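Asks: This is the structure I want to talk about, given as structure tokens.
The values are calculated or read from the model by the stated rules, or taken from the named source; none is laboratory data. Predicted model only: the values in this text are computed from it and were never measured. Neighbour counts run over all protein chains shown; Cβ positions are idealised from the backbone, glycine included.
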């Protein structure tokens with residue numbers, strides 16, 4: 001199995017991932033937009049030309065100092081290939097990318113009842129900052145936008 005970072009020119013593979021893992025069709029322009037962004041990281045786990053899993057994340061600026069942080073938004077493995085270390089390898093590559101690019105920290109948002117994700121994060125050395133973090137979802141044009149209460153952003157949006 002290989003872990004590869006998708007780059008410009010891999011648009012068809014991005015479209016195939018959307019269909020296989022999300023059961024949705026992604027137009028070529030949207031696939032291209034994902035790969036055109038330097039702050040977007042899309043990794044795939046491939047074996048014999050089959051995508052077994054993927055991880056998607058973003059490098060984000062910080063307002064409290066000059067460093068950046070890495071947000072691992074999603075990590076998914078095909079059901080028949082779970083519990084074989086694929087998610088762990090994808091996660092590890094994200095950590096390596098973060099370390100090599102000088103980001104200050106990486107964070108992951110999950111649900112407490114997502115036991116596999118909670119276990120993976122702990123096994124990779126992640127620390128749960130607060131037991132009462134909350135995620136609010138806001139929808140614009142039927143697209144969910146997630147904002148963490150722990151980020152403080154919910155207080156700033158309250159007055160809008």
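Asks: Of all strands (runs of 3 or more DSSP E) completely enclosed by the stretch 1-118, which ones contain at least 2 residues that are closer than 25 Å to residue 130 by Cβ and in contact with a strand residue (DSSP E or B) (Cβ under 7 Å, 6 or more places away or on another chain)?
Replies: Fully inside the stretch 1-118 and qualifying: 50-61, 68-77, 105-108.
Asks: Can you name the residue in the stretch 119-158 that is part of a loop (DSSP other than H, G, I, E, B), surrounded by 10 or more Cβ atoms within 10 Å (Cβ to Cβ) and touching a helix residue (DSSP H, G or I) at 6+ places or on another chain (Cβ under 7 Å) and is also modelled with the lowest pLDDT among such residues?
Replies: Residue satisfying both the conditions and the ranking: 134.
Asks: Looking only at residues in the stretch 32-51 that are under 24 Å from residue 121 (Cα atoms) and under 16 Å from the mean Cα position of the chain (by Cα), which one is surrounded by the most Cβ atoms within 10 Å (Cβ to Cβ)?
Replies: Among those that are under 24 Å from residue 121 (Cα atoms) and under 16 Å from the mean Cα position of the chain (by Cα), it is 45.
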